[in-house]
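What follows is one structure encoded as structure tokens, with my remarks underneath.
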Amino acid sequence: MTAPDTPLLSALRDAIGSAHVLTPDTADLTAYEQDWRRRHRGRALAVVRPGTPQEVAAVVRACAAHGTPIVPQGGNTGLVVGGVPDGSGTQVVLSLQRLNRVRALDADNLTLTLDAGCVLQVAQQAAEAAGLWLPLSLAAEGSCTIGGNLATNAGGTQVLRFGNARDLCLGLEVVTADGRIWNGLRGLRKDNTGYDLRHLFIGSEGTLGIITGAVLKLYPHPAAQLTAWASVPGLDAAVALLALAQRHLGPGLTGFEVMNRFALSLVRRHFPALHIPLADEAPYAVLLELSDSEDEAHARARLEATLADAIERACASDAVVAANLAQARTLWHIRESIPLAQAEEGLNVKHDISLPVSRIPAFCAEAEAALHGTVPGARVVNFGHLGDGNLHFNVQAPPDTDAATFLQEHEAHVNQLVYRLVQRHGGSISAEHGIGGLKAALLPAFKDPTALAIMRAIKRALDPAGLLNPGRVLADNALP
């Protein structure tokens, strides 16, 4: 049965076809209304699924004509409630999952052009099929989409060498708030013809325009990639190991992850089939990746020499190099299973923070001491991309404590404690997850006032009616 016709729904059906306009009385919209962390369940007026950039533009024009807010959504894997509707039932969710084509691969130019709804793993496979490499890698790569990666300026495990999603993007196609299409899909590495508009939309979380296509950089595939696991006695030692590895391996060091003992204990508890190496109860473990342009023998000699030097200098107490690709994948799978193990353990307070690498040991020591002093029994799950200064400094409820009650009673206080220390140490309250609706109300306390004023001016200029993802990034109408 079709939902009652309204002028807006009629216009949307005319634009993209009735089969791709979903309403609460004709379809289960839970997958579009519930965020990945289950922190918020909204209610949509409708979910629309356009199949081309032209259809996206038609949807935007229809919504603009009726003054209806739009929430763009990719794979809905975000962690800051940035891609689901509020509870008003007045917002249209614009899903980009049908825009999923790989448009072109230019091997000579080392570029990949694709739709915004293309899943990251599909993009990686397209590059691989051409003997090339797309070095954007996230735990959610099997379901997150390129448009979402760019809209949030996603990070991941290769940022140390290749930068965030922003650094891998050469061109964009964007539907503006008034329904026009900007075609900036040129795979140029140099183009000084005025303002670089792609950087306005990358990281804007759908508040300035809707990304429908992108040109991404590709790289020759390394001749060899090796992964190692090292036990380290503390974060000071981990930072020293990073510096040592950078001296030994240079740009070949493409991954450097850190995990505390409690994070790994959660993986061991909830995924017992995963064998965690060097179970020596060291306070921290480090995962290193070397990408080498010669061959595996050369790579292994370099990596083993680095680790031997680290043990001699007491940067590491023990280390092992994966013997083959299967072992390497297992090591990475352990690291990527930490968020899933946390979810199994129960709701937790998440912090996606960045700091100067040199300040990380002092910050963590102060933050853990402050937390244990004010929230006895709280358990810190500390892991992340140490190579680029990004930590996921999360706080789990004490044992035998109801997680939902813990969040209700302590989340606001824990956030303030952690974010004030981040600010004191010269860091950022959001490294790679974005602001979304979860942190929008917090941002004014931690962002330079002039920067916020400039951001609001850009928002007014590009979306004067405020219909694109309202309440996200900027605090007006932010979700509670």
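Over region 116-228, average the accessible area per residue using a 1.4 Å probe and give it in Å², no decimals.
On the way: 4280 Å² over 113 residues.
Accessible area per residue: 38 Å².
Could you look at region 173-282 and say what percent of its accessible area is carbon and sulfur, using a 1.4 Å probe and all protein chains? It would help to have the intermediate numbers written out before the result.
Numbers: 2580 of 4760 Å².
That share works out to 54 percent.
Could you give the length gained on full extension between THR30 and ARG456, defined as 0.36 nm per residue of separation minus the Cα-Cα distance, in nm? Show your work: numbers first, answer last.
On the way: separation 426, 0.36 × 426 = 153.36 nm, distance 3.19 nm.
The span from THR30 to ARG456 would gain 150.2 nm if fully extended.
Determine the dipole magnitude for region 254-384: charges of +1 sit on the beta-carbon of Lys and Arg, -1 on that of Asp and Glu, nothing else is charged, the reference point is the Cα centre, and the result goes in debye to the nearest 20. Before the final figure, lay out the partial values.
Numbers: 11 positive and 18 negative charges, 95 e Å.
Its charge dipole is roughly 460 debye.
Ordered by residue, what ³J(HN,Hα) values in Hz, to whole numbers, does region 41-49 give under the Karplus form 6.51 cos²θ - 1.76 cosθ + 1.60, where θ = phi - 60° and Gly and Pro are x?
10, x, 9, 9, 5, 6, 10, 10, 10
With both partners inside the chain, how many of the DSSP beta bridges are antiparallel, as a percent to the nearest 5?
Details: 61 of 70 bridges.
Approximately 85 percent, going by the DSSP bridge assignments.
Find the relative contact order for the chain and round it to a whole percent, using C-alpha pairs within less than 8 Å whose residues are 6+ positions apart.
Working: 994 pairs, mean separation 70.8, N = 480.
Contact order relative to length: 15 percent.
For LYS217, list the lysines whose Cα falls under 17 Å from its own Cα; do not include residues on the same chain fewer than 8 positions away.
Leaving aside lysines fewer than 8 places away in the same chain, those within reach of LYS217 are LYS190.
Given the chain, what whole percent of its Cα pairs are spread farther than 43 Å?
Details: 18231 of 114960 pairs.
When all Cα pairs of the chain are counted, 16 percent exceed 43 Å.
Can you give the FRET efficiency to the nearest 0.05 for ASP196 and ALA365, using r as the Cβ-Cβ distance and R₀ = 30 Å? Don't skip to the end; give the middle numbers.
Details: r = 40 Å, r/R0 = 1.33.
Given R0 = 30 Å and the Cβ-Cβ separation, E is 0.15.
Enumerate the lysines that LYS350 could reach by cross-link, defined here as Cα to Cα under 29 Å, with residues fewer than 8 away along the same chain left out.
LYS439, LYS447, LYS459
Which order do ASP292, ASP5, ASP400 take by accessible area at a 1.4 Å probe, largest first? Please list the in-between numbers first.
Values: ASP292 5, ASP5 105, ASP400 165 Å².
Correct descending sequence by accessible area is ASP400, ASP5, ASP292.
Search the structure for amide H atoms under 5 Å from the amide H of THR111, placed 1.01 Å from N in the peptide plane, and list their residues when 5 or more places away or on another chain.
ASP106, LEU218
Of all DSSP beta bridges in region 47-192, what percent run antiparallel (nearest 5)?
Details: 9 of 15 bridges.
Bridges in region 47-192 are about 60 percent antiparallel.
Starting from the residue with the highest accessible area, list ASP463, ASP86 in decreasing order, probe 1.4 Å. All intermediate terms of the calculation are to be shown ahead of the outcome.
On the way: ASP463 5, ASP86 40 Å².
The most accessible residue leads, giving ASP86, ASP463.
Given a Förster distance of 41 Å, report the FRET efficiency between LEU188 and GLU312 from their Cβ-Cβ distance, rounded to the nearest 0.05.
0.30
If you place +1 on the Cβ of every Lys and Arg, -1 on the Cβ of every Asp and Glu, and leave all else neutral, what size is the dipole of region 109-209 about its Cα centre, to the nearest 20 Debye? Could you put the intermediate results ahead of the total?
On the way: 7 positive and 9 negative charges, 55 e Å.
Rounded to the nearest 20 debye, it is 260 debye.
With every protein chain left in place and a probe of 1.4 Å, what is the accessible surface of HIS66, to the nearest 10 Å²?
So the heavy atoms of HIS66 present about 90 Å² to solvent.
Using modelled amide H (1.01 Å from N, peptide plane; none on Pro or chain starts), what sits under 5 Å from the amide H of LEU172, excluding residues fewer than 5 places away?
Amide H to amide H, under 5 Å and 5 or more residues apart or across chains, LEU172 pairs with GLY184, LEU185, ARG186, VAL215.
What length, rounded to one decimal in nm, is gained on full extension from ARG247 through to ALA279, with 0.36 nm per residue of separation minus their alpha-carbon distance?
Values: separation 32, 0.36 × 32 = 11.52 nm, distance 2.78 nm.
Result: 8.7 nm gained on full extension.
The values are calculated or read from the model by the stated rules, or taken from the named source; none is laboratory data. No experiment lies behind these values; they were computed from the predicted model shown. In this analysis, Cβ positions are derived from the backbone assuming ideal geometry, glycine residues included, and neighbour counts consider all displayed protein chains. SASA here: full protein model, heavy atoms, side chains in, ligands and nucleic acids out. Shrake-Rupley method; radii C 1.70, N 1.55, O 1.52, S 1.80 Å.
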